[in-house]
There are 2 protein chains.
Amino acid sequence: MKNYLTQDPWRIVEEGFHRDYNEITESVLSLGNGRLGQRGNFEEKFTGKTLQGNYVAGVYYPDKTRVGWWKNGYPEYFAKVLNAANWIGIDIDVEYESLDLNTCEVRDFRRELNMLEGYLERSFVAILKSGKELKVTSTRFCSIVDDESGAIRYAITPLNFEAKITITPYIDGAIRNRDANYDETFWDEVRKETGYGEAYIELRTRKTGFHVATGMCVAIEQDGSKVDYQSQPIKYEKYVANRMTLDCRQGQETVIYKYGVNLSSLNYDSDTLILEAHQYIQRITRKGFEKMLYEQKQAWADKWKTNDIIIEGDIAAQQGIRFNIFQLNQTYTGEDERLNIGPKGFTGEKYGGSTYWDTEAYCLPFYLSTADQKVARNLLIYRYKQLEKAIENAQKLGFRAGAALYPMVTMNGEECHNEWEITFEEIHRNGAIAYAIYDYVRYTGDEQYLVDYGLEVLIAISRFWSQRVNWSAAKQQYVMLGVTGPNEYENNVNNNWYTNYIAAWTLRYTIEAVGKVKALDTHKYAELIDRIHFREEKELANAQQIVDKIYLPEDEEKGVFLQQEGFLDKELMPVTDIPKGQRPINQNWSWDRILRSCFIKQADVLQGLYFFEDEFDTDTLRRNFDFYEPMTVHESSLSPCVHSIQASKLGMKEKAYEMYLRTARLDLDDYNNDTEDGCHITSMAGTWLAVVKGFGGLRIEKEQLILNPYCPDNWQSLAFKIRFRGALLQVTTTQQDITVQNFSQQSITIKLHGENVTLAGESQQTVGVSVAA
Amino acid sequence: MKNYLTQDPWRIVEEGFHRDYNEITESVLSLGNGRLGQRGNFEEKFTGKTLQGNYVAGVYYPDKTRVGWWKNGYPEYFAKVLNAANWIGIDIDVEYESLDLNTCEVRDFRRELNMLEGYLERSFVAILKSGKELKVTSTRFCSIVDDESGAIRYAITPLNFEAKITITPYIDGAIRNRDANYDETFWDEVRKETGYGEAYIELRTRKTGFHVATGMCVAIEQDGSKVDYQSQPIKYEKYVANRMTLDCRQGQETVIYKYGVNLSSLNYDSDTLILEAHQYIQRITRKGFEKMLYEQKQAWADKWKTNDIIIEGDIAAQQGIRFNIFQLNQTYTGEDERLNIGPKGFTGEKYGGSTYWDTEAYCLPFYLSTADQKVARNLLIYRYKQLEKAIENAQKLGFRAGAALYPMVTMNGEECHNEWEITFEEIHRNGAIAYAIYDYVRYTGDEQYLVDYGLEVLIAISRFWSQRVNWSAAKQQYVMLGVTGPNEYENNVNNNWYTNYIAAWTLRYTIEAVGKVKALDTHKYAELIDRIHFREEKELANAQQIVDKIYLPEDEEKGVFLQQEGFLDKELMPVTDIPKGQRPINQNWSWDRILRSCFIKQADVLQGLYFFEDEFDTDTLRRNFDFYEPMTVHESSLSPCVHSIQASKLGMKEKAYEMYLRTARLDLDDYNNDTEDGCHITSMAGTWLAVVKGFGGLRIEKEQLILNPYCPDNWQSLAFKIRFRGALLQVTTTQQDITVQNFSQQSITIKLHGENVTLAGESQQTVGVSVAA
């Protein structure tokens, strides 16, 4: 836990330079616009602790797999998020002295991420070794309007001297991933160009052959007027720059505007990439920094209109939730169905890959409720387009006849994880992908999606489950052997309740979806089953048989589902019995000790009871919560949110709040001591879930929006916005009453604490909490 | 399966050069003397496919661990068997043409490993590009008399030319391990010296700081007389040589004698290592090649006197068993208690480490029956000396109070394996180390060993088991969760029958051993329990409770023990149901598929029934054999021997013979397609077990030697030798009768097919097979 960042409702502020925490701050202050992003690095040279990071969405590198012991079936490579050309660089030299905050004295340092308006600001005074004092202020953003570009305003003022100052804005493509398995270079240079104040470099990724052209254009102002500077082009291997030397008077502000653009061959013909970059940069340069920034602020205002959550009476909580929402919006905009939500977004490269089951289980509901329907739909389409590769993946593991196993981690649909107990066995992810289709259709009512895409995916996943279970002669039931459930502190277990349940549920839902699709579009259905050789009668009968005879371990005496078979053979004890200083156990205990302990990394049975809450009564939830919660160490960032939601549902307000705090400020407070690697982007959606599904009690039942909101005890009020089938609502709950505002034109009937409430277009209603409770 | 090596009772012969198989041949033709060894490489330069390999016993390198995903508890390094300086090299240049079998034509090539006398011979005619024909013959051995040295006789004869021939005997220390994790160099040069025909180099291993001085001395003869050659010393980085150019007439044989020595700081003061090497080499050079070779032949004759197994009527089987015995003797002599039996011996570096549970479970019985008692005792002492590190190892995994977990693989007592399901969970190895003490005491009657060393180890291992089990409230029994049994095709299972059984057995045996030691030497016992804080009453009571209440999974209906809990939930099918082309499954199936299949890599329940045969009746063995054998794929080299023994016991002669063949010629025929990495040294002891404990039916019961020999149907006779408590016996069984010869002076009463037979000193008895059966 660190507390060096100032708490503020809309800003993340670092007052004074915390040199040792710089990599943490860089992660937290990352910028992104869904297409490109970067860590909160300095523009000028910095020789201290830093992870320079620039990322271009969808551009990856298949790094050669590194393992200790090869297991048959491992993929050859792991798709790494590629650290790309650094386009923000502006070196400043004052008469042979470099500006470098690592070597000079720093005064009045301040960094601020403005979440309301979407930019990063920094100011400081550097005292060089010569005693010269230079004031610097910079403002930088990645434009969400011109979303392949960013802009920087970098201003320098000599405070106690006048001198020739050399300014070198550059693009550096000689970049390596810190997490490269064999310390290889991933980029080759293709070409570079320089012009007056301009420079371009085109790089190509090895193996994958992505081209990325990075361009810059520089304008300089002194005394409010454009300076007609002399520009000296510089070219090194994978590096281009323009150097200019200016006379700077004492007290005179010199402003450098640097415009940057990153175009990739994902979106452009690689033959004309530099030309396109040139045109793009001309356009934004003409638009100018101030106009771009103005548009940025407007665009962020629009986002907050549908996204914001307002907490009164708890600044830490307020800042936390806004930070989470801000980063989610920076990471994924849903405009490109080829993209997804990487675990670190644009804030770091660790873990690689861009898509885990986090997307479906945690992120989808956030985008469903806060963005246009097409955003969530694109997340589904992403998986649909990778179906063929999921089928190939299953074939590698011995499955046949169109069975699909979606990868644990992927960029392009191919598995790139390499830990057998996860890669091959944490197969419940397949269920989450099926569940996401259900969740999307339930929320949006878009049943046509099932016809066009959904059913095909459901059938392929169901085929996998049908083959993955086997008949146990001993039990006279279907069992599923050798899996890892959501709780990764158990590996290679038999009959994980969650996995068995979601498998059987998928089969049930597929049977139901077949019926729906047949009814909606017989012709398309016939076309589909012909194309994928679906033998309806046989496959559905088989599915039904598995549904009827699936083994779901439970203990009747305790009235709980068993996380897996044999769970009760463990020595059961609460987390509070773990000796002090031994937590987190994953940093203190050997793996086998963790495995055979009863301690749970992440909601497992409770995750299932969350997904399928309609199928279980509250007493069942309570018994399972009371049984599992005390044994859960929440060493996954994805765990506390589910427990928070469940605690809210059970009326355990304190527990719900405690669990909420665990996720909301995870990165701001560097709770797990690993924020320097990047932020936990996907778990940020979990924070949102804890608020909206937990405190807000949002559910969908029979096409209707259900809300059971309450305000945590120490808050004055909680207000959140949600979209639902064209409507935009704001739900505000205080300790006294609950107000629902309908911002849209259409009228909507919701169920609020069990009562139907009809809101006319652009209206609001307030009910007292005592009425509601 | 490859069949290019000639079958011969005493020789391994390659007729004609099999270029593509060269690395396999190099493994098979390896030489060793327990202290040093080497692959069957060529002396002269060879640019073709080769793995140059020279090894010095006990000298290792802690290579930095390479894993994909770090698990807490993994060791920092993996002790690699170090590929050391190449001292056999002799480059031959004929007027600017190098002798290199990869680039010249080769005629009349023949290589032979003489197992009877312990040397390697090679002869060929090389036709150089210039048309010059050079005849070469070489003889090489690693001396078991002067066991830090080896010698080479390398003779060249120009067949159709006369010329100046340049001869460069050298030592090359610029060696890398092919299996280095990060392609690092493991050796640094300390110093080097050259003299007339002599050269020395001293290298030091990085990190571990072992010093090894390698020296050579060269003598040359022409026309049977010593040649007074001109020697030009050459020194490069980690390389020393002496170059000499000789006039060679057509038809004249020039003989190069090269003596090599390797002294390590394990045995010498590193300050005087080169001096010692110089003295050593002077001594053996004075002795001369012929005398050294004569002594070598004598020494091997002595070894075969007590080791040989003679099979008549089956040359392939005869060659196979002799090859296995030969390699075992080359690998370990038992003279140094710091050494052990590496999985590849001196035949390759793969897998690293020198000690697996193979030593106790497979190799110990071989040395018990064929070598002086001190050899087996030294194997035990090796573990005793590493007890402290085994306690530390257990501490790392959370165990306390003197509990010991011996490592899965080790060089110096520290764990160096890094695969969690093995490193942390394949803990049955601890049981095998306890069992070896029992086995040794049972075979030798040396109960004093228990007093001096054995009990201390037993208590430490028992403490581990006592802590590793836990009380299952559900079962009201002790369970052991999260283990990997001998069958590594199951990982992280609960209640592996074998592991639970050997754990409980260890506790029983420890209780018994405490009683014995107390009776034998109260004083020493008191000293011991004081030193290790053994709370006798409490710890023994606890042990007894676990023994009484251990959960041992079985199926009463089928009358079989369950390999692990839940085994009967699997889809059970025989190996014969695996589709053609899918075996070995470990090369064709993904790991998860293997894990959830019923297929067994290696004897597991049957291994337990072999160790503890006195505790189960034959019907129980038969039921379990009939149940498990059809599901066993024997993809471990250590599996078929146990099945062969069990089949012999059950009178299933054909199965016993089939299983015997699987191990006996494993490397000679490259059965698993991996002999190029080195030979499977430890499984060679399994071959011996299949003969002596299987066909020979050797057991020890109540201090008596039991024999139930039979001759496999297609053999004329089988004869094997065994030592037992000072006696040396030969058991010869034909299809008609069984003869037992007693070579020793002492009389001995054995049980032969259930009848007591007393053999006076130097006598023999023969009984008819019909009587015996």
Item to complete: With the condition kept exactly as written, say whether any residue in the stretch A:738-753 is among the aromatic types (F, W, Y) and in contact with a helix residue (DSSP H, G or I) (Cβ under 6 Å, 6 or more places away or on another chain).
Response: no
Checking B:K297, B:K258, B:K291 in turn, the sole residue that is in contact with a Pro (Cβ under 9 Å, 6 or more places away or on another chain), at pLDDT 95 or above and either not charged (D, E, K, R) or not in a loop (DSSP other than H, G, I, E, B) (or both) turns out to be B:K258
Filtering the stretch B:70-106 down to residues that are farther than 29 Å from B:V59 by Cα and free of Cβ contacts under 8 Å to residues at least 24 places away in the same chain yields B:Y96, B:E105
Here the residues within the stretch A:437-450 that are of a type outside the set (D, E), surrounded by fewer than 21 Cβ atoms within 10 Å (Cβ to Cβ) and within 17 Å of A:T522 (Cβ to Cβ) are A:Q448
When the stretch B:568-589 is checked residue by residue, the ones that are more than 9 Å from chain A (Cβ to nearest Cβ) and modelled with pLDDT of 95 or more are B:M573, B:P574, B:V575, B:T576, B:D577, B:I578
Quick count over the stretch B:517-535, residues being in a helix (DSSP H, G or I) and crowded, with 17+ Cβ neighbours inside 10 Å, is 4
Note: among A:L82, A:L29, just one is under 30 Å from A:G313 (Cβ atoms), aliphatic (A, V, I, L, M) and surrounded by 17 or more Cβ atoms within 10 Å (Cβ to Cβ), namely A:L29
Residue match in the stretch B:540-562 (condition: under 26 Å from A:G398 (Cβ atoms) and within 13 Å of chain A (Cβ to nearest Cβ)): yes
TODO: Scan the stretch A:631-648 and give yes if some residue there is within 14 Å of chain B (Cβ to nearest Cβ), modelled with pLDDT of 95 or more, in contact with an Asp or Glu (Cβ under 9 Å, 6 or more places away or on another chain) and closer than 30 Å to A:A434 by Cβ, otherwise no.
DONE: no
Of the listed residues (B:N340, B:N324), the one being within 24 Å of B:I700 (Cα to Cα), of a type outside the set (D, E, K, R) and under 11 Å from the mean Cα position of the chain (by Cα) is B:N324
Checking B:E536, B:E565, B:E527 in turn, the sole residue that is more than 27 Å from B:V457 (Cβ to Cβ) and modelled with pLDDT of 95 or more turns out to be B:E565
Given the conditions (1) closer than 30 Å to B:Q330 by Cα; (2) surrounded by fewer than 18 Cβ atoms within 10 Å (Cβ to Cβ), every one holds for B:F141 apart from (2)
Of the residues in the stretch A:546-585 that are in a helix (DSSP H, G or I) and free of Cβ contacts under 8 Å to residues at least 40 places away in the same chain, the one that is surrounded by the most Cβ atoms within 10 Å (Cβ to Cβ) is A:F567
The correct count of residues that are crowded, with 17+ Cβ neighbours inside 10 Å and on the phi > 0 side of the Ramachandran plot in the stretch B:164-199 is 1
Picked from the stretch A:590-607 (must be part of a helix (DSSP H, G or I) and within 13 Å of chain B (Cβ to nearest Cβ)), the residue farthest from B:T484 (Cα to Cα) is A:I594
Of (1) closer than 18 Å to A:E43 by Cβ; (2) under 25 Å from the mean Cα position of the chain (by Cα), A:D172 fails just (2)
Subset of the stretch A:105-131, residues buried (at least 20 other Cβ atoms within 10 Å of the Cβ), assigned to a loop (DSSP other than H, G, I, E, B) and at negative phi, comes to A:M115
Filtering strands (runs of 3 or more DSSP E) wholly in the stretch A:676-754 for at least 1 residues that are free of Cβ contacts under 8 Å to residues at least 60 places away in the same chain and basic (K, R) gives A:748-752
Note: among A:D8, A:D63, just one is touching a helix residue (DSSP H, G or I) at 6+ places or on another chain (Cβ under 7 Å) and touching a residue at least 60 places away in the same chain (Cβ under 8 Å), namely A:D8
Checked pairs for the stretch B:492-504, first within 14 Å of another protein chain (Cβ to nearest Cβ) and more than 17 Å from B:Y610 (Cβ to Cβ), second of a type in the set (S, T, Y) and in a loop (DSSP other than H, G, I, E, B), C-beta under 9 Å and 6 or more apart or across chains, list as B:N492/B:T484; B:V493/B:T484; B:N495/B:Y551
Among helices (runs of 4 or more DSSP H) entirely within the stretch A:385-489, at least 3 residues that are in contact (Cβ under 8 Å) with a residue 40 or more places away in the chain and away from chain B (no Cβ under 13 Å) occur in A:387-396, A:428-444, A:455-468
Note on the stretch B:366-384: residues aliphatic (A, V, I, L, M) and in a helix (DSSP H, G or I) are B:L368, B:V375, B:A376, B:L379, B:L380, B:I381
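The values are calculated or read from the model by the stated rules, or taken from the named source; none is laboratory data. Because the structure is a prediction, the values reported are computed rather than measured. Here the Cβ is made from the backbone with ideal geometry for all residues, glycine too, and neighbour counts use every protein chain on show.
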